[in-house]
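One structure is given here, and the rest of the page talks about it.
The values are calculated or read from the model by the stated rules, or taken from the named source; none is laboratory data. Note that the structure is a prediction, hence the values are computed from the model and not measured. Cβ sites come from the backbone with ideal geometry, for glycine too, and all protein chains shown count toward neighbours. Keep in mind that these areas ignore ligands, DNA and RNA; they rest on the heavy atoms of the full protein, side chains included. Shrake-Rupley method; radii C 1.70, N 1.55, O 1.52, S 1.80 Å.
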Amino acid sequence: MSTKYELIIYWSGEDQSFVVEVPELPGCMADGETCEQAVVNAQQVIREWIDTARELDRPIPEPRGRLMYA
């Protein structure tokens with residue numbers, strides 16, 4: 001399974017960290033002190049999200065690439 005999902009990255013002043021959301025995987029997000037670290041953390045969380053979905057026999061969305069809303 002690919003982990004090439006769209007990532008939305010932004011700075012959170014409240015948390016003083018970069019936050020990454022993965023809109024195609026409900027509830028999937030990560031953070032990090034740097035943008036790069038946040039992306040690395042997000043890739044790990046995506047793998048864990050997929051592993052958990054498999055264990056629970058839930059559907060895993062295929063990456064669609066760039067989403068057309070914003």
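Among residues belonging to the stretch 1-16 that are open to solvent by less than 60 Å² (accessible area, probe 1.4 Å) and in contact with a helix residue (DSSP H, G or I) (Cβ under 7 Å, 6 or more places away or on another chain), point out the one that is farthest from PRO63 (Cα to Cα). I'd like the intermediate steps shown before the answer.
Let us first name the residues in the stretch 1-16 that are open to solvent by less than 60 Å² (accessible area, probe 1.4 Å), namely 2-3, 5-7, 12-13.
Checking the rest, the ones that are also in contact with a helix residue (DSSP H, G or I) (Cβ under 7 Å, 6 or more places away or on another chain) come to 3, 5, 7.
Numbers: THR3: 8, TYR5: 5, LEU7: 11 Å.
For the stretch 1-16, the residue satisfying everything is LEU7.
Scanning the stretch 37-54 for residues that are among the basic types (Lys, Arg) and under 14 Å from GLY27 (Cα atoms) turns up just one, ARG47. Only one of the numbered conditions (1) surrounded by 11 or more Cβ atoms within 10 Å (Cβ to Cβ); (2) at pLDDT below 95 is not met by CYS35, and that is (2).
In the stretch 44-57, the residues that are within 13 Å of THR3 (Cβ to Cβ) form Cβ pairs under 8 Å with partners that are of a type in the set (S, T, N, Q), at six or more places apart or across chains, as follows: ILE46/THR3; ARG47/THR3; ILE50/THR3. For the stretch 47-57, indicate whether the set of residues that are within 17 Å of TYR10 (Cβ to Cβ) and either open to solvent by 60 Å² or more (accessible area, probe 1.4 Å) or at pLDDT 95 or above (or both) is non-empty. No - not one qualifying residue is present in the stretch 47-57.
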